[in-house]
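The values are calculated or read from the model by the stated rules, or taken from the named source; none is laboratory data. Here the structure is a predicted model, which means the values were calculated and not measured. Please note: Cβ atoms are built from the backbone with ideal geometry, for glycine as well, and neighbour counts cover all protein chains shown. Just so you know, the surface numbers come from the protein's heavy atoms only, side chains and all, with ligands and any DNA or RNA stripped out. Shrake-Rupley method; radii C 1.70, N 1.55, O 1.52, S 1.80 Å.
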Amino acid sequence: MAPPNFPQTPTLGDTHSGIPSYLLPKANNAKGLIYDGKTAPDFVPLTRGLAVPQGISKASFLSAVHHLKALLGTENVELNDTEIKNGWYMEHPNTHDMMPLLHTEEFLASAVVYPGSVQDVQLTVKWANKHLIPLHPISIGRNLGYGGAAPRVRGSVTLDLGRRMNKILDINAEDYTCLVEPGVTFYALYEELQRRGLGDKMWIDTPDLGGGSVIGNTLDRGVGYTPYGDHWAMHSGLEVVLPGPEANLVRTGMGGLDGGNTWQVFPYGFGPSSDGIFSQSNFGIVTKMGMALMPNPGGYESFMYTFPRESDLAPLIDIIRPLRISNILENVAQLRHGLQTLSVKGHPRTKFYKGSGPVPENVWRKELQDTATGECAWVYYGMSYGPAHIRKYKLDVIHSEFLRIPGAKKIDPSTLPADEYFWSRDRIASGTPDFEELLWVNWMPNGAHIAFSPVSPIRGPDATKLYELAKKRHDEAGIDLMPAFCVGLREMHLIVEIVFDSEDEGMRARAEKCLRDMIDDAAALGYGEYRTHLALMDQVAGTYNWNDGALMKMNNTLKDALDPNGILAPGRCGIWPARYRNRGWELKGGEKSTEGDGVAPLPCVTKI
Ligand code: ADP
């Protein structure tokens, strides 16, 4: 628990990225637990000084920054040349990854700029083209586990869109849609619906933690846990500043029509659907996005089942598939390993086991005996929606199907105390953001996390293959395996979060090796990741190599056409602009430098 004079977590009243007041006690508690286990200093002096981007001298860079200050106002441009601040989830840095897999100064910004308008974004893009300086856009920069706020290219200038562009531009209570700027978090959107008295009428869909932005999470194809959990599928309409020297502004879908009222209700418009190229890419800077809101379904009910053996995974997944595809199981539900339900209680792993290597099975099983789930290998968290009589039909089907697994148990929610994790899942699946998911970072001191996230069909043999490869690699690396299967409509994401001590160089190296091995093993079996950390993007992109890498060749063509000077987020998702391409920037593991062989002088010839 935080000491009484511990600095309080900023709220939404203090800053756009703050915590809602109703979650303040939880945030302060989580902060206390994190700082209890923290040995890393909050402020770390830069050992390599200012990270000047490749291809420009320090003097020219400083003169360019001076120019940018003149364009946007001195107070809206900050140089990052002395020290970095690490913080924690709610007070995170915007210059680097506070959960670094490699040395913190590898993926480091040289400066941060805070645009206040679309025009400011356009001015910054024109400036970057003029001086050939890489820009890295963030909305909030809390994409933790995937690189946080860090740019892939050392010395990039962070374009922190969220600080000054954080308005909810519209909430339409007839169409159940909203239009937001980059700095609007799930917390802020939820609070605004309550403030307007619309919280009973419409729900948001929130990820496990609500501190990320609606735009950043959606562009990175994050998920939530109501029936609207596929965020990308639920968006409608983008406004984008293109990265070329003219910094053109486009609106996608029905936004291409002047003066219409359909931008947020029909995502496609006429002609090619261009939205996809702005998701998990570096083709544009999104300044507005439309999103669907979910009508209150008129009732809901969470349920939790436990399954005793690890080998129950395959038959259970085969039971889940037809139920999910036919929408009897309605939300992106989670099937979590027992060890994960233990770690989410927020204790360090040493409370349960002091040895090295993964916590042995007999230990975690014994520890689970006294918890709400009891001893088990898997826990399924789900929710049924609608009025009671409609829920009853679905819940009865689910019950008889799940009980086909010998030893399966339904846990009666009325037996669970108010602070049991089940209720956190209940809030999230009914559109109320929460703060409990963060607690498992305390598993390790200086707890950082990074995910292995392959996609597969909802089939038992696929689940088993992925589980077994992850187990083998975790055992080799001496790391605890904490898998969760997040079940979409026809596929599932296996999310394996590796929790590591960010101050322990040896453990970071083991985590990286474990991840790289799993990515290769999965690719050899035909599975690819849906999302990944900055350090792993080249490797993951390289696994999508059908027909001699035709997809990346097309991405390169688009990149060179839209961003001829290669200024926007070079290397993001493995897409390198012509100036960087074939110069050794790709990271596949074991490289001495993240900066390859520098950049080509302009004009560069596009090689495809
Ligand atoms: P969050 O808002 O969830 O914290 P981030 O701001 O960390 O997410 O962004 C997640 C990823 O999406 C980053 O790689 C970032 O470069 C990209 N991104 C975020 N916002 C934008 C935007 N407005 N335009 C283009 N790319 C963006």
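Brief remarks follow.
- Each of His103 and Thr262 was given a label point 7 Å from its Cα along the Cα-to-Cβ line. The distance between the two points is 5.6 nm.
- Nearest 10 degrees, 0 to 90: helix 546-562 Cα axis against the chain principal axis: 50
- Against the chain, whose longest principal axis comes from its Cα atoms, helix 388-402 is set at around 80 degrees.
- Hydrodynamic radius of the range 129-225 per Kirkwood, over alpha carbon pairs, in Å: 14.5
- Reciprocal mean inverse distance between Cα atoms of the range 284-347 - Kirkwood radius, Å: 15.5
- Carbon plus sulfur fraction of accessible area for the chain, probe 1.4 Å, in percent: 53
- Within the chain: Cβ-based charge dipole about Cα centre, in debye rounded to nearest 20 (Lys, Arg +1; Asp, Glu -1): 520
- The average projected area of the range 239-293, computed from the convex hull of its Cα atoms over all directions, is 4.3 nm².
- Eigen-decomposition of the gyration tensor built on the alpha-carbon atoms of the range 508-608 gives equivalent ellipsoid semi-axes of 25, 17, 10 angstrom, largest listed first.
- By average C-beta atoms within 10 angstrom, highest first, the peptides 193-204, 443-454: 443-454, 193-204
- Size-normalised alpha-carbon gyration radius of the range 1-137, reference 2.2 N^0.38 Å: 1.24
- Protection-proxy order for peptides 351-358, 306-313, 237-244, 388-395, each taking the mean of Cβ atoms within 10 Å per residue, highest first: 237-244, 306-313, 388-395, 351-358
- Under 16 Å from Lys410, Cα to Cα: lysines that are on another chain or at least 8 residues apart: Lys392, Lys394
- Expressed per residue, the C-alpha convex hull volume of the range 373-473 stands at 179 Å³.
- Among Val223, Gly571, Ala70 the positive-end extreme of the charge dipole of the chain (Cβ point charges): Gly571
- Measuring r between the beta carbons of Ser593 and Glu505 and using R0 = 25 Å, the FRET efficiency lands at 0.90.
- Global geometry of the range 377-433, whether rounded, prolate or oblate, following the gyration tensor of its Cα atoms and the 1.5 cut on a/c: oblate
- Cross-link pairs exceeding 26 Å in C-alpha to C-alpha distance, out of Lys38/Lys366; Lys553/Lys588; Lys559/Lys588; Lys351/Lys588, comprise Lys38/Lys366; Lys351/Lys588.
- Note on the range 168-295: with charges restricted to the Cβ of Lys and Arg (+1) and Asp and Glu (-1), its dipole about the Cα centre is near 20 debye.
- Using equal-weight Cα scatterers in the Debye expression, the normalised intensity of the range 481-545 in log10 at q = 0.25, 0.28 Å⁻¹ is -1.24, -1.36.
- Along the axis of the charge dipole computed for the chain (Cβ charges of +1 for Lys and Arg, -1 for Asp and Glu, origin at the Cα centre), the listed residues Asn261, Thr350, Phe402 are led at the positive end by Asn261.
- Low-density loop cleavage sites - trypsin sites (Lys or Arg not before Pro) in the range 32-130, where at most 11 other Cβ are within 10 Å (DSSP): Arg48
- Trp546-Arg427 pseudo-label distance in nm [points 7 Å out on the Cα-to-Cβ vector]: 4.2
- Sequence-distant aspartates and glutamates (8 or more away, or on other chains) whose Cα lies within less than 13 Å of Lys26: Asp419, Asp434, Glu436, Glu437
- The distance from the alpha carbon centre of the range 152-205 to that of the range 51-105 is 25 Å, rounded to a whole number.
- Temperature 4 °C, viscosity 1.567 mPa s: under these conditions the Stokes-Einstein estimate for the range 168-295, based on its Kirkwood radius over C-alpha pairs, is 88 µm² per second.
- The range 573-588 - phi-based ³J(HN,Hα) in whole Hz, Karplus 6.51/-1.76/1.60, Gly and Pro as x: 6, x, 9, 10, x, 3, 5, 9, 5, 6, 10, x, 7, 5, 9, 10
- Translational diffusion coefficient (Stokes-Einstein; Kirkwood radius from C-alpha pairs) of the range 107-156 at 4 °C, 1.567 mPa s, in µm²/s: 111
- For the range 122-180, a simple Cβ point-charge model (Lys and Arg +1, Asp and Glu -1, everything else neutral) yields a dipole of about 520 debye relative to the Cα centre.
- For the chain, the orientation-averaged shadow of the C-alpha convex hull comes to 26.4 nm² (one quarter of the hull surface).
- Given Lys69/Lys130; Lys471/Lys592; Lys167/Lys201; Lys471/Lys513; Lys354/Lys513; Lys409/Lys465, the pairs whose alpha carbons are separated by over 18 Å: Lys471/Lys592; Lys167/Lys201; Lys354/Lys513; Lys409/Lys465
- Approximate spin-label separation Leu602-Asp175, in nm, with each point projected 7 Å along Cα-to-Cβ: 3.8
- Computed over protein heavy atoms with a 1.4 Å probe, the accessible surface of the range 354-398 works out to 47 Å² per residue.
- Over the range 300-533: Kirkwood hydrodynamic radius from C-alpha pairwise inverse distances, Å: 18.2
- Along the axis of the charge dipole computed for the chain (Cβ charges of +1 for Lys and Arg, -1 for Asp and Glu, origin at the Cα centre), the listed residues Pro151, Phe186, His131 are led at the positive end by His131.
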